[in-house]
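The values are calculated or read from the model by the stated rules, or taken from the named source; none is laboratory data. It should be emphasised that the depicted structure is a prediction, and the values quoted were computed from it without experimental measurement. All Cβ positions, glycine included, derive from the backbone under ideal geometry; neighbour counts span all protein chains shown.
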Amino acid sequence: MSRLIVVSNRVSPPTARGEETVGGLAMALSAALREYSGLWFGWSGETTETFDGALHMQTADGVTVATVDLEQADVEEYYNGYANKTLWPLFHYRVDLTEYDRSFGEGYGRVNRRFAETLAPLIEDGDLIWVQDYHLIPMARELRQLGVKNRIGFFLHIPWPAHQLVVTLPRHRQLVESLFHYDLIGFQTREHLQAFEGYVVNEAGGNVLDDGVLHCFGRSVRAGAFPIGIDAENFAQMLDAPQAVRTYDIMAAHSVFRQMIVGVDRLDYSKGLEERLLGFEQFLTSYPEFRRQVLFLQIAPLSRDTLEAYQEMRSRLDAQIGRINGEFGDMDWAPIRYVNKNYRRDELAGIYRAAKVGLVTPLRDGMNLVAKEYVAAQDPADPGVLILSRFAGSALQMRDALIINPYSPEELSEALKRALTMPREERIQRWQKLYACVHEEDVTAWRDAYVRALSGEDEDHDAVAPLNLTVPESADRVSH
């Protein structure tokens, strides 16, 4: 097939398999590039005094990467500014945290132009170009202005918000119009796709055609839902790795005579960590018989910790955890263990395997691959129970988890009690269905479905969504 060029904000040279830290997108893209010969292009994460477009090329673990350095002003305006202070909170329904600054938008446009100008000479006839995520929405428009005729696709890894939220963004029409320079736009779920269609129809006066093609701004683009997955088979096999076995043994020893509950999330307000702690506190209050019988391990690597909103959230979490441990703990037991560090994937596999409950309760998430990793790591003969937010994209696929409303401490508390007392037979039945989904809808299925649609080889692909998925009311899910 054609060569594949992946474009993303950050590019990190791949490490040996199993040694990667938390980061589902990097895993998925590395898997795609191992399958299709090509190139991964983006920012190195380093800064330079003056942008000169110099490329840094290297190959690691079968993946060729090309990176460029950015000026400090680029990082502040494009990355810390428009991407993380404007688009990220807005797309996660946090209008209260969204900052609008003209310099942010100018930096966003400038960096996308610089990326396009650096990438364009590397593009060959027939190459497929796959642009990733909200940092690079205008990339296709910039490439088109440079004369690039190749097929270009865009995939949004985070939610696309409701029409009423998008219109709060200054120059929102120009941002959406830039997406119509792509040949294919991919979303995680049908819900996100429908939200985008709602803007196109209700705000921009466009049309949604029967074949899933959207027409607006004098151009047409194909749009579809492509739920991302993990390399489930590889993740399950990782459990036999020495580091995974050692980590499992350590966690099993530290939680002896107790049932461990685990959460693994970047430290971000979209992950619902504060609400999760309130739910756990409600559980300890409502069901005192479980005190000293459980241990809640929350792993939360620092994320964007130079931004004020994240610093404030970290302070609140520290205080919240200290209060809960102080109120419920004893001299030989603290209910919550909290760490702000990354772990290798083989270490995470061992941690997941030792946990009787996986807590994945974001307030809003594009997909959330932690839920799928937790399922893949379970012992088929004695699996743990996944508690999953109805607002995670993965809830549309993983219907046999305990689906809850993360804003309700009572729902989370009741789900924890149910998970910890669930009979083994029911746990096995639920896990078997969840694992079948995780295994079948894996990263390979996601990659192949998207690339086929982008290349035009799969014109019969259901552009609305590859799966017809709905989520029942959370109360029904927890109670049945």
Inset, instruction - Give the residues of the range 248-284 that are within 15 Å of residue 299 (Cβ to Cβ) and of a type in the set (Asp, Glu), sorted by residue number. - result: 265, 268
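Listed here are the residues, each with its yes/no results for (1) in a helix (DSSP H, G or I); (2) farther than 17 Å from residue 393 by Cα; (3) at pLDDT below 95; (4) not small (Gly, Ala, Ser).
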| site | (1), (2), (3), (4) |
| --- | --- |
| 414 | yes, yes, no, yes |
| 419 | yes, yes, no, no |
| 426 | yes, yes, no, yes |
| 435 | yes, no, no, yes |
Legend entry - Matching residues, the range 137-147, being part of a helix (DSSP H, G or I) and either surrounded by fewer than 22 Cβ atoms within 10 Å (Cβ to Cβ) or free of Cβ contacts under 8 Å to residues at least 40 places away in the same chain (or both): 141, 142, 143, 144, 145
Inset, instruction - Might you check whether a residue that is touching a residue at least 24 places away in the same chain (Cβ under 8 Å) and touching a strand residue (DSSP E or B) at 6+ places or on another chain (Cβ under 9 Å) occurs anywhere in the range 102-110? - result: no
Legend entry - Output for the range 98-122, where each listed residue is farther than 30 Å from residue 57 by Cβ and buried (at least 18 other Cβ atoms within 10 Å of the Cβ): 98, 104, 105
Inset, instruction - Kindly indicate which of 351, 404 is touching a Ser or Thr at 6+ places or on another chain (Cβ under 9 Å) and either under 18 Å from residue 234 (Cβ atoms) or not assigned by TED's automatic domain parsing to the domain that holds residue 283 (or both). - result: 351
Legend entry - Residue check, residue 318 more than 24 Å from residue 248 (Cβ to Cβ) and in contact (Cβ under 8 Å) with a residue 24 or more places away in the chain: no
Legend entry - All positions within the range 373-392 that are touching a strand residue (DSSP E or B) at 6+ places or on another chain (Cβ under 7 Å), in a loop (DSSP other than H, G, I, E, B) and either in the same structural domain as residue 158 (by TED's automatic domain parsing) or under 12 Å from residue 358 (Cα atoms) (or both): 384
Inset, instruction - Could you list, in sequence order, all residues of the range 263-279 that are more than 16 Å from the chain's Cα centre (by Cα) and not charged (D, E, K, R)? - result: 277, 278, 279
Inset, instruction - Answer with yes or no whether residue 151 is under 28 Å from residue 128 (Cβ atoms) and in contact with a Ser or Thr (Cβ under 6 Å, 6 or more places away or on another chain). - result: no
Inset, instruction - Output the number of residues of the range 268-316 satisfying the condition of being in contact with a Ser or Thr (Cβ under 6 Å, 6 or more places away or on another chain) and farther than 16 Å from residue 80 by Cβ. - result: 7
Inset, instruction - Filter the range 288-302 for residues that are part of a loop (DSSP other than H, G, I, E, B) and either touching a strand residue (DSSP E or B) at 6+ places or on another chain (Cβ under 6 Å) or buried (at least 19 other Cβ atoms within 10 Å of the Cβ) (or both) and give the result. - result: 292, 300
Legend entry - Filter result (of a type outside the set (A, V, I, L, M, F, W, C), closer than 24 Å to residue 26 by Cβ and not in a strand (DSSP E or B)) within the range 208-245: 227, 229, 231, 233, 234, 237, 240, 242, 243
Inset, instruction - Tell me, yes or no, whether the range 275-286 has at least one residue that is in contact with a Gly (Cβ under 6 Å, 6 or more places away or on another chain) and either in the same structural domain as residue 94 (by TED's automatic domain parsing) or not charged (D, E, K, R) (or both). - result: no
Legend entry - Sole residue being at negative phi, part of a loop (DSSP other than H, G, I, E, B), touching a strand residue (DSSP E or B) at 6+ places or on another chain (Cβ under 9 Å) and not aliphatic (A, V, I, L, M), chosen from 159, 170: 159
Legend entry - The lone exception for residue 263 - which of (1) part of a helix (DSSP H, G or I); (2) in contact (Cβ under 8 Å) with a residue 40 or more places away in the chain; (3) not hydrophobic (A, V, I, L, M, F, W, C) it fails: (1)
Legend entry - Yes/no for residue 241 being farther than 30 Å from residue 317 by Cα, surrounded by fewer than 24 Cβ atoms within 10 Å (Cβ to Cβ), over 25 Å from the mean Cα position of the chain (by Cα) and touching a residue at least 24 places away in the same chain (Cβ under 8 Å): yes
Legend entry - residue 359 being among the hydrophobic types (A, V, I, L, M, F, W, C), crowded, with 20+ Cβ neighbours inside 10 Å, under 28 Å from residue 76 (Cα atoms) and in contact (Cβ under 8 Å) with a residue 12 or more places away in the chain: no
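Yes/no matrix, rows are residues, columns are (1) touching a Leu at 6+ places or on another chain (Cβ under 9 Å); (2) modelled with pLDDT of 90 or more; (3) among the charged types (D, E, K, R); (4) at positive phi:
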site	(1), (2), (3), (4)
293	yes, yes, no, no
312	no, yes, yes, no
327	yes, yes, yes, no
335	yes, yes, no, no
339	yes, yes, no, no
